Each structure stands twice: as C-alpha cells, then as structure tokens.
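Here's the structure, in structure tokens; my notes come after.
The values are calculated or read from the model by the stated rules, or taken from the named source; none is laboratory data. Since the structure is predicted, the reported quantities are computational estimates derived from the model, not experimental observations. Cβ: placed from backbone, ideal geometry, glycine included. Neighbour counts: every protein chain shown.
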Amino acid sequence: MLKSLLRALKQPAPAVAEPEAKRHAEAAQASLAPDLPVPATAPAAVPATDDPYAAATEAEQRGDIEGAIALYRAYAEGRTNDPWALATFGGQLLQHGRVDEAEWVLLAALRRFPYSAPLLFNTGRVAQTRMRLDEAIGYFRLALAAQPGFAMARFILSTQLLLKGEYREGLILFRARNELSAAPNAGWPRTLPRWEGEPLQGKRLLVWLDWGGLGDELQFARYLTPLARDYRPARLLLGCSREGQRLYDQIEGVDEASSAMGGVEVDYQIAIIDLAIIYRTALDNMPPAQPYLRALPADIERLAQRTAGLRGRKIGLCWGSGFWGKTTRSEKAIPLADLACLSTLPNTEFISLQKGPAHAEMPCPGLNVHDFDADLHDMADTAALIENLDLVISVDTAVAHLAGALGKPVLMLLKWDSGNFWLLDREDSPWYPSMRIVRQHAPGDWEGVAAQVMAILSAPVQMPGSGSEAN
C-alpha cells in the first residue's frame with residue numbers, strides 16, 4: 001500500500017555529493033503541501049518477480065494498468081533511496097490519471113530528495129495537469145537548475161511559458177524539441193547550417209516543418225512573405241506537407257513549395273516555427289494581422305457551383321483532430337453528435353470540412369451535414385470551400401488555422417487545458433483576429449462547449465472579422 005512506501009520515505013535521505021544542485025532546489029520545500037491525506041486505494045496483488053520494473057512494463061503493454069501500477073509500486077518500495085525509482089512510480093500514477101496519489105508520492109519523495117531533477121520534473125507535471133501554471137513553471141526551472149541538460153524539462157517549460165504568452169523565452173526554449181529522442185521529422189535538413197538571421201543576399205534558404213502537423217505549418221506560414229521582403233534571399237524554398245503544397249505555392253515571395261525537398265542544395269535551413277524567433281514575436285510584437293493565405297480562384301468557383309443550391313447561412317464543421325488521416329488526438333475532438341443541438345438554428349446549412357478518421361461519424365442522427373469529402377483533395381480545396389462559407393466551427397486542428405489564415409470568421413472549440421499558442425482564459429487570439437475561442441470549463445465537457453456555441457450563434461452579435469451578424 002502507499003502508506004508503507006510513505007512511511008519509508010520519512011527516513012533520512014542518504015548523503016549526496018551534489019550541494020550546488022541541492023542549493024538551487026531547496027526552494028521547492030516552501031511550496032510543498034505539509035500533509036496531504038493519503039488517497040484511499042485498493043492495491044492490486046503483486047506477482048512474485050525478480051524484476052518488478054520489467055514486469056510492470058510488460059503489464060502496461062498488455063493493457064493491465066492496475067497490475068502495472070502495483071508492480072511500479074513494488075519497484076519503488078524496494079528502492080526508497082533511489083529518487084529515480086520514486087519519480088518513475090509517481091510519473092506512472094500521473095500518466096494513468098491517479099493524480100492525487102501521484103502528488104502525494106512525489107511531494108513525500110521531494111522532502112527526502114529536494115535536489116532530484118526527475119522528482120521536481122514529475123511534480124511539475126502534476127501542477128501542469130491541475131493547470132497551476134506558475135507552480136509548474138517553478139518546478140521545471142528547479143529541475144533544470146538541478147540538471148541543466150534535461151531536455152524534456154526545458155521543452156515542457158517552454159510550453160507553459162507559451163501558454164502564458166511569454167513568447168520570447170518560450171519560443172527559444174521550444175527548440176529543445178530537437179533534442180528529444182522522439183523528435184519527429186528529424187531529417188537531413190538538420191545537417192545544414194541553421195539560419196539565425198544572417199544576411200541572405202545571394203543565399204538559398206530552406207524553410208521546413210520539423211515539428212507538429214498541418215496546423216503548425218499553416219500558423220507559421222505568415223512569416224514567409226515578410227522574410228522574402230526583409231531578407232531578400234536568392235531563393236526561398238518551403239519544404240511542406242503534400243496536402244499544403246498547392247496552397248503554399250500562392251504565397252508571395254516563396255520560389256518553390258514542395259513536399260519532396262530531400263537533398264536540395266541550399267545555404268541555410270530553418271524550422272518554420274523558429275521564424276517567430278527571428279521576428280522577435282511577442283504579444284506586443286505580433287506579425288501583421290491581415291489574411292496571409294488565399295485560395296485559388298478556379299477552386300473557389302468550382303466549389304461555389306457545388307454550394308450554390310444551399311440556402312441561408314452556410315457553416316463549415318470540423319469536429320475531429322488528426323486531419324487528413326494524421327494521428328488523432330482524441331482529447332481535442334468533439335463527438336459530432338454533441339453538435340446535434342445546432343440543428344434547431346433557423347435558416348442554416350452545415351457543410352463538412354472533416355477529413356480523416358472522424359469523417360466516419362457521418363451521417364449524424366439529428367444533424368444534417370452536407371458531405372463534401374469527395375471534393376477535398378488537399379488544403380487548397382479546403383480553403384476554396386471555406387471561402388464559400390459564412391462561418392467555420394472547428395476544433396483545434398488544421399481547419400481552424402486555415403480559416404484564421406484566410407480571415408474567415410471561425411469558432412474554435414478548445415479542450416480545457418488549452419494549447420501552446422492559445423493562451424489562457426481568452427476568447428480572442430492574437431494570431432487570428434477573425435477567431436473566437438470557445439473553451440471547455442472542465443475536462444471532457446464538450447456538451448458545455450456545444451451549449452456555448454448555440455448561444456453565440458443564436459445571439460444577434462457580430463463574429464470577429466465578420467461584416468455581418470451571427471444570425
């Protein structure tokens with residue numbers, strides 16, 4: 001049981017030879033709760049094993065979460081003088097939603113090992129989960145003081161700073177994503193010199209997406225035209241997604257946009273997200289707000305003919321994340337059925353902008369949504385359809401970014417713990433003036449979000465960026 005582990009943790013800590021790290025981390029003591037009630041749990045039976053850690057990993061892979069947690073507990077109980085073992089147990093409790101127990105274990109362990117970077121980091125993750133951002137930031141800074149090379153702590157710290165709108169420090173620390181072993185898109189451009197703002201006359205620059213998905217690509221494409229204008233590279237090349245290639249070909253100043261840039265000869269490379277560092281982006285120094293993407297006129301006309309038979313207000317819907325079949329993040333997605341309440345809105349037609357796995361939720365009982373899946377082959381097609389609509393309603397995925405980049409009024413439905421660039425407790429976005437954010441008030445509360453949307457669309461008020469009333 002937890003009580004036996006916690007009793008063991010009351011014993012004096014072993015001597016350490018890290019006085020400097022300990023000195024930096026001792027400030028953590030001031031923020032520790034003095035005595036939390038021990039959460040009541042019914043621990044699973046622990047099978048006999050010589051290696052509880054390996055057995056726990058195997059149980060987790062089988063889906064036996066309770067068995068895995070019991071084994072991680074046994075692993076920690078056998079190593080009460082090992083802060084890494086205690087941090088591992090606390091981290092596993094947190095990962096599987098047992099937040100109260102995780103906090104108890106980690107805080108108790110920190111009293112013995114206040115200099116332990118893994119314990120400080122996982123305690124910060126508890127605070128992050130509870131949306132206590134200042135506390136989380138403090139723990140992550142302490143973890144870095146104890147272990148300056150802790151890339152994951154630097155990366156998670158960056159996300160919390162970005163949430164608070166502290167973009168200059170946050171964006172620089174966000175580069176720690178490149179140090180993570182699981183960093184995506186870690187391809188050949190990293191072997192080329194990284195551009196840090198040097199003069200580009202006569203030079204070739206490759207901008208590419210090293211992290212994230214279509215939404216990140218769309219969001220930071222805003223810097224490409226200013227870059228071409230201000231730095232005048234001999235050639236500005238954009239390594240982009242296949243789905244975005246035709247859309248980005250329209251950006252002024254981009255010489256070539258392609259999803260097949262492997263081996264191209266350039267003088268410098270830079271990740272598209274890092275362009276925000278070059279332009280010293282901050283809440284008081286945001287890039288120009290005007291629409292920076294445009295759909296192709298021929299595509300707009302083709303989709304205009306397809307939507308010509310629809311009458312009244314035309315609203316596009318995107319309810320699932322993992323757009324274009326990419327990895328689905330279910331916590332960001334709203335079940336289409338939760339939007340069925342919108343069916344009572346008068347004089348309104350709903351048009352699907354959904355691609356990927358969530359498209360299978362159509363047809364939706366109680367909500368008539370026109371299916372345009374066969375017309376949407378890439379982001380340029382989606383942009384053209386959006387241009388034929390009055391409003392977009394989307395979860396936090398590429399469609400929300402695309403609507404904002406086009407200057408189209410968009411209601412973005414956001415999970416309760418926000419996202420890196422959506423700040424906190426705000427309905428507006430400094431990135432997209434035409435966007436209004438509708439936030440969950442509690443984890444998983446999509447019904448409440450749908451009710452907010454219904455109220456917004458039923459009220460005679462103007463949407464951001466719209467020249468007409470909402471109804």
Exercise for the section: Within the stretch 415-442, count every residue that is assigned to a loop (DSSP other than H, G, I, E, B) and either in the same structural domain as Phe220 (by TED's automatic domain parsing) or among the charged types (D, E, K, R) (or both). Expected result: 6
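Conditions tested, residue by residue: (1) in the same structural domain as Thr397 (by TED's automatic domain parsing); (2) closer than 20 Å to Lys408 by Cβ; (3) not in a strand (DSSP E or B).
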position	(1), (2), (3)
Gly197	no, no, yes
Gly215	no, yes, yes
Leu227	no, no, yes
Leu236	no, no, no
Glu252	no, yes, yes
Pro287	no, yes, yes
Tyr292	no, yes, yes
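For the condition touching a residue at least 24 places away in the same chain (Cβ under 8 Å) and surrounded by fewer than 21 Cβ atoms within 10 Å (Cβ to Cβ), what is the one hit in Met412, Met379, Met362, Met435? Outline the logic, then answer.
Values: Met412 fails: surrounded by fewer than 21 Cβ atoms within 10 Å (Cβ to Cβ); Met379 fails: surrounded by fewer than 21 Cβ atoms within 10 Å (Cβ to Cβ); Met435 fails: surrounded by fewer than 21 Cβ atoms within 10 Å (Cβ to Cβ).
Just one listed residue meets the conditions, Met362.
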Exercise for the section: Please list, ordered by first then second residue, the pairs with beta carbon atoms under 9 Å, 6 or more apart or interchain, first in the stretch 297-318 and free of Cβ contacts under 8 Å to residues at least 24 places away in the same chain, second hydrophobic (A, V, I, L, M, F, W, C) and part of a helix (DSSP H, G or I). Expected result: Pro297/Ala384; Ala298/Ala384; Glu301/Ala384
Handout entry: From Ala358, Ala400, Ala374, residue being in the same structural domain as Glu427 (by TED's automatic domain parsing), part of a helix (DSSP H, G or I) and more than 19 Å from the chain's Cα centre (by Cα)
Key = Ala374
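Scanning for something under 19 Å from Leu247 (Cβ atoms) and either among the aromatic types (Phe, Trp, Tyr) or assigned by TED's automatic domain parsing to the domain that holds Ser241 (or both), does the stretch 314-323 turn up at least one residue?
yes
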Practice task
Would you check if there is a residue in the stretch 342-350 being surrounded by fewer than 16 Cβ atoms within 10 Å (Cβ to Cβ), assigned by TED's automatic domain parsing to the domain that holds Ala400 and part of a loop (DSSP other than H, G, I, E, B)?
Solution key: yes
Practice task
Being over 30 Å from Leu161 (Cβ atoms) and modelled with pLDDT under 95 narrows it down to one of Gly316, Gly325, so name that one.
Solution key: Gly325
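Being out of contact with any strand residue (DSSP E or B) (no Cβ under 8 Å at 6 or more places or on another chain), surrounded by 24 or more Cβ atoms within 10 Å (Cβ to Cβ) and among the polar types (S, T, N, Q) is true for just one of Ser116, Ser158. Which residue is that? Steps first, answer last, please.
Numbers: Ser158 fails: surrounded by 24 or more Cβ atoms within 10 Å (Cβ to Cβ).
After applying the criteria, what remains is Ser116.
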Practice task
Could you list, in sequence order, all residues of the stretch 68-88 that are without any contact (Cβ under 8 Å) to a residue 60 or more places away in the chain and either outside the structural domain of Ala55 (by TED's automatic domain parsing) or farther than 12 Å from Leu110 by Cα (or both)?
Solution key: Ala68, Ile69, Ala70, Leu71, Tyr72, Ala74, Tyr75, Gly78, Arg79, Ala85, Thr88
Exercise for the section: Determine which single condition Met131 fails, assuming it passes every other condition in (1) out of contact with any helix residue (DSSP H, G or I) (no Cβ under 6 Å at 6 or more places or on another chain); (2) in a helix (DSSP H, G or I); (3) touching a residue at least 24 places away in the same chain (Cβ under 8 Å). Expected result: (2)
Problem - Single match in Ala102, Ala109 (criterion: in a helix (DSSP H, G or I), in contact with a Ser or Thr (Cβ under 8 Å, 6 or more places away or on another chain) and either aromatic (Phe, Trp, Tyr) or buried (at least 22 other Cβ atoms within 10 Å of the Cβ) (or both)) - result: Ala109
Exercise for the section: Answer with yes or no whether Ile270 is under 24 Å from Phe174 (Cβ atoms), assigned to a strand (DSSP E or B), touching a helix residue (DSSP H, G or I) at 6+ places or on another chain (Cβ under 9 Å) and touching a residue at least 12 places away in the same chain (Cβ under 8 Å). Expected result: yes
Fill in the blank from the handout: Among Tyr139, Tyr115, the single one that is of a type in the set (Ser, Thr, Tyr) and at pLDDT 95 or above is Tyr139
